[in-house]
Amino acid sequence: MSRAIHLRDIPTRAPEDREKEATKLETQRLGKRMEELFDLLFFAGQNALLIVFQGMDTAGKDGAIRNVLRYTHAQSVDVVSFKVPTAEELAHDFLWRCHKATPGTGEIVVFNRSHYEDVLVVRVHELVPQSIWEKRYEQINQWESLLTCDRTIMLKFFLHISKEEQEERLLEREQEVEKAWKLSVGDWKERERWDDYQSAYEAVIQQCSPKNAPWSVVPADQKWYRDYVVVKSIVEALEPYQARWMEYLENVGELAKAELAKYRIGE
C-alpha cells in the first residue's frame, strides 16, 4: 500500500510565480501537440486512450473535458457520463456499465465520473455495507490492470478544489443565468459531507494508483491552470508512444505502396 494521502496538504491553486497569460499560451501550444498525438493514436490504431475525470461538485469536470475536446476529432473520441445507475446497470456487477464503455484501439473515451463512484458516493452515503465497498479497491485495480495490459492507456485526473472555491462556484450558479441549469439543492446537501468525500477520495488515490494507472491530483481552483496541467499530463503520457506509432504507420505505408505497384503492373 502506498503512503497516506492528505488532500489538505496538496495545493488547489497554481504556484505563485505562475503567470496566467503565459500559461494560457503554453496550454495552446501543448494543445496542438496533443492534437498531433491524438491523430497518431487514431491512425495507428495500436492503442486506446481512456481519460477519467473525478472531483467534488463544481470542480470543473465539464470545463476540463471541453478543453480537451478542443483538440480532438469527433470520429475518434466519445464522452461518457455516469449518473445514478439504471435498473439494468444495478442488475450487473458495478464495473459492467463502465467496461462496456471503454475505448477500442484507435479510440479515445473520456469518463465524466466513473467506476470510482462505487467507492465514493456509495461509501459516503452507505449505500452498501463496508464489507462490500472495501473489496472494490482491489477489484478496480485488477480491472484497470486488465485494460492497461491490453493496449489501453489510462489517465486519471482528480480535480482538486478548495471548500472555499466550491462555495463561490455554487453561489455563482445562483447569479448567472447561463449556469442556472446547474442549480441543485443536492449540491449544497452533498457539500455538508465534504470531509467524508475528502476521506473517500484520499482512500481512492492511495489504494488505486498503480504504476500503469496512477492518479494525477490537479489543482483546480483556477480554471486556466487546471487546463494547463491536464493537457501537459496527457502530452507527457502519449509522447513515449509516438515512435512506435510512426513506425507502424510507415510500415503500413510501405505495404500499401507495394500493393499499389503490383496492381499497376497487373494493369
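Grab the helices (runs of 4 or more DSSP H) fully contained in region 105-192, keeping just those with 1 or more residues being modelled with pLDDT of 95 or more and over 23 Å from Lys223 (Cα atoms).
Per the criteria, 121-124, 130-149.
For region 76-104, which positions are outside any helix (DSSP H, G or I) and under 22 Å from Ser145 (Cβ atoms)?
Listed by number, the residues that qualify are Val80, Phe82, His92, Asp93, Phe94, Leu95, Lys100, Ala101, Thr102, Pro103, Gly104.
Using beta carbons and a limit of 6 Å, which pairs, at least six apart or on different chains, have the first residue in region 124-139 and free of Cβ contacts under 8 Å to residues at least 60 places away in the same chain and the second one of a type in the set (Lys, Arg) and surrounded by 13 or more Cβ atoms within 10 Å (Cβ to Cβ)?
Taking only residues 6 or more apart or on different chains, the pairs are Trp133/Arg123.
For region 189-239, how many residues meet the condition of being crowded, with 16+ Cβ neighbours inside 10 Å, closer than 16 Å to His125 by Cα and either of a type in the set (Ser, Thr, Tyr) or within 14 Å of the chain's Cα centre (by Cα) (or both)?
2
So which residues in region 56-75 are part of a loop (DSSP other than H, G, I, E, B) and not polar (S, T, N, Q), if there are any at all?
Met56, Asp57, Ala59, Gly60, Arg70, Tyr71, His73
Just to be sure before I move on: is Val119 farther than 16 Å from Leu155 by Cα and buried (at least 16 other Cβ atoms within 10 Å of the Cβ) in the structure I sent? Working first, answer last.
Details: farther than 16 Å from Leu155 by Cα: yes; buried (at least 16 other Cβ atoms within 10 Å of the Cβ): yes.
In short, yes.
Any idea which residue in region 35-55 is farthest from Glu239 (Cα to Cα), counting only those that are out of contact with any Pro (no Cβ under 8 Å at 6 or more places or on another chain) and in a strand (DSSP E or B)?
Across region 35-55, the extreme among qualifying residues is Gly55.
The values are calculated or read from the model by the stated rules, or taken from the named source; none is laboratory data. Everything numeric here is computed off the predicted structure, so don't read it as measured data. Counting neighbours? That spans all protein chains shown, and the Cβs are built from the backbone with ideal geometry, glycine included.
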